[in-house]
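Below is one structure; the comments refer to it alone.
The values are calculated or read from the model by the stated rules, or taken from the named source; none is laboratory data. What you see is a predicted model, and the numbers here were worked out from it, not measured in a lab. Note that each Cβ is placed from the backbone with ideal geometry, even for glycine, and that neighbours are counted across all protein chains shown. Side chains included, ligands, DNA and RNA excluded: accessible areas come from the protein's heavy atoms. Shrake-Rupley method; radii C 1.70, N 1.55, O 1.52, S 1.80 Å.
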Amino acid sequence: MHALDHKIPPPVVALACAGLAWAIALHAPGFALQIPGRILLATLFVLTGFGMDLTGLLVFRKAKTTLNPLAPDRSTSIVQTGPYALTRNPMYLGMALVLTGLCTYLANPISLLAVALFVAYITRFQIIPEERLLFAKFGDPYGEYKRSVRRWL
């Protein structure tokens, strides 16, 4: 276990990455692009992301399992319905989509580094430790779920 495993709430990581994207766009305006339909496209990313987040939360609540990403050991079941049939991490995917929407709005391709940083950080310090804990807790049923549903998309 690493010192940063499950220490920073994923929404805080997402907000920090949003700040980074904004700072990049502010300090590198020469890379800005003209994106036709930018506002519509950004809105679609953000709404899709929030939809994934909300749906993931509702499915977890219905399954009566923990919503706390800092305590995956409190999980009571392997949720495989709703968006969890398509991705093992719809809430993290939702956050990445919201960040992508922000970067689209900012129209600066360099700001997409913030999305890449979010995905890398969440994968290393949140998802991989979660997967270890869930496999230790649920064994082969979780292993089968991992084999049948992708981590992100």
> How about segment 51-153: which chymotrypsin sites (Phe, Trp or Tyr not before Pro) there lie in a loop by DSSP and see at most 16 other Cβ atoms within 10 Å?
Replying inline: TRP152
> Using Cα atoms only, what is the angle between the long axis of helix 112-122 and the major principal axis of the chain, expressed in degrees (0 to 90) to the nearest 10?
Replying inline: 20
> Share of segment 1-137's accessible area from carbon and sulfur, percent, 1.4 Å?
Replying inline: 73
>> Just to confirm the number: angle between the C-alpha axis of helix 128-138 and the first principal axis of the chain, 0 to 90 degrees, nearest 10?
In response: 20
> Once the dipole of the chain is set up with Lys and Arg at +1 and Asp and Glu at -1 on Cβ about the Cα centre, which of PHE118, ASN68, LEU106 lies farthest towards its positive end?
Replying inline: ASN68
> Shape call for segment 4-66 from the C-alpha gyration tensor, a ≥ b ≥ c root eigenvalues: rounded (a/c under 1.5), prolate (a/b greater than b/c) or oblate?
Replying inline: oblate
> Looking at [x] 15.5, 53; [y] 16.8, 58; [z] 16.5, 52, which value of Rg and Dmax of the Cα atoms in Å comes from a calculation on the structure shown?
Replying inline: [z]
>> Tell me the angle of helix 10-27 to the major Cα principal axis of the chain, expressed in degrees between 0 and 90 and rounded to the nearest ten.
In response: 10
> Cross-link partners among aspartates and glutamates for LYS146, C-alpha distance below 13 Å, same-chain residues fewer than 8 apart left out?
Replying inline: GLU130, GLU131
> Is it possible to state the helix-based mean residue ellipticity at 222 nm for the chain, with each DSSP H run of 4+ residues giving -39500 (n - 2.57), the sum divided by total residues, to the nearest 500 deg cm²/dmol? What is it?
Replying inline: -20000 deg cm²/dmol
>> Order HIS27, HIS6 by their accessible area, 1.4 angstrom probe, all chains in place, largest first.
In response: HIS27, HIS6
>> With every protein chain kept in place and ligands, DNA and RNA left out, what is the accessible area per residue of the chain? Probe 1.4 Å, answer in Å².
In response: 56
> Using a Förster distance of 25 Å, how high is the FRET efficiency between ARG147 and LEU70, based on the Cβ-Cβ distance and rounded to 0.05?
Replying inline: 0.40
